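Here the structure is laid out as structure tokens; the discussion comes afterwards.
The values are calculated or read from the model by the stated rules, or taken from the named source; none is laboratory data. Just so it is clear, the model here is predicted, and its values are computed rather than measured. As a convention, Cβ positions derive from the backbone with ideal geometry for all residues, glycine included, and neighbour counts pool all protein chains shown.
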Amino acid sequence: MASVSSQPQFRYTQPPSKVLHLRNLPWECTEEELIELGKPFGKVVNTKCNVGANRNQAFIEFADLNQAIAMISYYASSSEPAQVRGKTVYLQYSNRQEIVNNKTTADVAGNVLLVTIEGADARLVSIDVLHLVFSAFGFVHKITTFEKTAGFQALVQFSDTETASSAKNALDGRSIPSYLLPEHLGPCTLRITYSAHTDLSVKFQSHRSRDYTNPYLPVAPSAIDGSGQVIMGLDGKKLEPESNVLLASIENMQYAVTLDVLHMVFSAFGPVQKIAMFDKNGGVQALIQYPDVQTAVVAKEALEGHCIYDGGFCKLHISYSRHTDLSIKVNNDRSRDYTIPNTTPMVNSQPSILGQQPTSVMGSAVQYSGAPFTPSQEQPGMPQQPSAGWGPGVPPMPQSMPMQMHNNPYMPPGTMPPQAAPGMMQSPMQSGMPQSSMLPRYGSGQMQ
DNA sequence: AGCACA
């Protein structure tokens, strides 16, 4: 057998590699200087400085072989040698194909984050929850999700590296707050690195990928079922098809939740066509019908897990109903068809219902029905803001949380649940928390 | 000025 063992350690002409070996570098050359040097030729995904006995050698790894070739070729014919701090550096293809044990692509900051969701239930985390989580730091352009050997992963694209970095710094190693997750899900921990991507390619809006910069992007054919119903946005628990009818169950119902209260709450997101309330499993449930799925989706996103009243009372759990059109036989205090006003002795929404709850925080947050929130335009003291309904004395949009609401039309203002004080989310209907807790700060404490 | 790290 011919031995293949006697490859020379290096040759004077190396075969191309996307790793370049640099020598004669100035003292304590930094990674940044290496990146600067390589950047004109391509994406530098890894570097290694201070190599060799004199610590004056280094490696640069490009994302693509052609980029390394471009750099070598350029300096091979350039009259100006490659320089760092005015010192000529010599470069050649490395005899390695990749740099190991140093910063990988994962540590070269970029505007796209690679998020690995750890936990037994990681793959049940919906793209919507991820969007919510990362939107706290700025406009999320796109998200793609996929499963690999590493588990359930997502790429989250921000406008710029700074925003991505702030999200990474705040969220890496933390768990998604449990109140954002469907019940019974175990902890889902985020491991975040930088991706080498700068712009994700999202062809369709689907349960696996979203482009928030392009609402007109077609919905993935695969996300539409036989009945033409959109089933994208798997919502955590199950592959629950979206529906224009929501099933709301009310937990910890210390106060009466009437049809009118529900109507008020759900009308914030669009016209409510019908409501039917009924008892089930010792609790109260209600079916709420909107004219379209979109509105229901928005309402569900905004309301799920939130409480109608302060103190964790009347917590809503919302899922999509299999119904698409409720049959309301009679208009009474448990069911109503708002599309037929004549037949309804419309007991106009009784103010007393809210009035009798000193801590009532419900209001008609009409503006959630469509336009995105524009926090900067809302002054906390603004009187008579019809949408300021989450509680008397609580500004519709505290100035302190613009990031939070940024680009997120779905999240009503409010405070965070107590257990999540330093967390990323606010719970729209709990207004009893001190305002300081509204700050989207991750610096201290743990996320749930 | 000529290839690290585990």
A:Pro40, sole failed condition from (1) outside any loop (DSSP other than H, G, I, E, B); (2) modelled with pLDDT of 95 or more; (3) crowded, with 19+ Cβ neighbours inside 10 Å = (3)
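Looking for whichever is in a helix (DSSP H, G or I), assigned by the TED database to the domain that holds A:Val330 and either touching a residue at least 60 places away in the same chain (Cβ under 8 Å) or of a type in the set (A, V, I, L, M) (or both) here; the options are A:Ala296, A:Ala286, A:Ala276. Which one fits? It would help to see each step written out before you state the result.
On the way: A:Ala286 fails: in a helix (DSSP H, G or I); A:Ala276 fails: in a helix (DSSP H, G or I).
Matching residue, one of A:Ala296, A:Ala286, A:Ala276: A:Ala296.
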Out of A:Leu65, A:Leu91, A:Leu113, which single residue is crowded, with 19+ Cβ neighbours inside 10 Å and under 22 Å from A:Ser195 (Cβ atoms)?
-> A:Leu113
Of the residues in segment A:34-77, how many are away from DNA strand B (no atom under 15 Å from the Cβ) and either among the polar types (S, T, N, Q) or touching a residue at least 60 places away in the same chain (Cβ under 8 Å) (or both)?
-> 7
Within segment A:198-216, can you find the residues that are modelled with pLDDT of 90 or more and either over 18 Å from A:Ala164 (Cβ atoms) or buried (at least 19 other Cβ atoms within 10 Å of the Cβ) (or both)?
-> A:Val202, A:Lys203, A:Phe204, A:Gln205, A:Ser206, A:His207, A:Arg208, A:Ser209, A:Arg210, A:Asp211, A:Asn214
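Say whether the condition of being crowded, with 17+ Cβ neighbours inside 10 Å, more than 14 Å from DNA strand B (Cβ to nearest atom) and free of Cβ contacts under 8 Å to residues at least 60 places away in the same chain is met by at least one residue in segment A:120-140.
Of all residues in segment A:120-140, those crowded, with 17+ Cβ neighbours inside 10 Å come to A:121-122, A:124-140.
With more than 14 Å from DNA strand B (Cβ to nearest atom) added as a condition, the list becomes A:121-122, A:124-140.
Going one step further and asking which of them are free of Cβ contacts under 8 Å to residues at least 60 places away in the same chain, we end up with A:130, A:134.
The answer is yes; a qualifying residue exists.
Residues that are among the small types (Gly, Ala, Ser), assigned by the TED database to the domain that holds A:Ile192 and under 16 Å from the mean Cα position of the chain (by Cα): find the helices (runs of 4 or more DSSP H) completely inside segment A:60-178 holding 2 or more of those.
Working: elements: A:65-77, A:127-135, A:161-171.
It comes to A:161-171.
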Answer residue from segment A:241-254, given it is part of a loop (DSSP other than H, G, I, E, B) and within 25 Å of the chain's Cα centre (by Cα) and is nearest to A:Ile328 (Cα to Cα) among those = A:Asn244
Residue pairs within 8 Å by beta carbon, gap of at least six or interchain, first lying in segment A:80-100 and over 16 Å from A:Ile69 (Cα atoms), second more than 9 Å from DNA strand B (Cβ to nearest atom) and among the small types (Gly, Ala, Ser), listed first then second, are A:Thr88/A:Ala82; A:Val89/A:Ala82
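Checking the condition under 33 Å from the mean Cα position of the chain (by Cα) and under 25 Å from A:Leu132 (Cα atoms), which residue from A:Ile288, A:Ile275 passes?
Details: A:Ile275 fails: under 25 Å from A:Leu132 (Cα atoms).
Checking each option against the conditions leaves just A:Ile288.
Condition (residue is farther than 30 Å from A:Arg123 by Cα and assigned to a strand (DSSP E or B)) applied to segment A:255-269: is it met by at least one residue?
The first filter runs over segment A:255-269 and keeps only residues farther than 30 Å from A:Arg123 by Cα, leaving A:255-265, A:267-268.
Subset that is assigned to a strand (DSSP E or B): none.
Checking segment A:255-269: not a single residue is farther than 30 Å from A:Arg123 by Cα and assigned to a strand (DSSP E or B).
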If only one of A:Thr189, A:Thr144, A:Thr149 is of a type in the set (Ser, Thr, Tyr) and surrounded by 19 or more Cβ atoms within 10 Å (Cβ to Cβ), which one is it?
-> A:Thr144
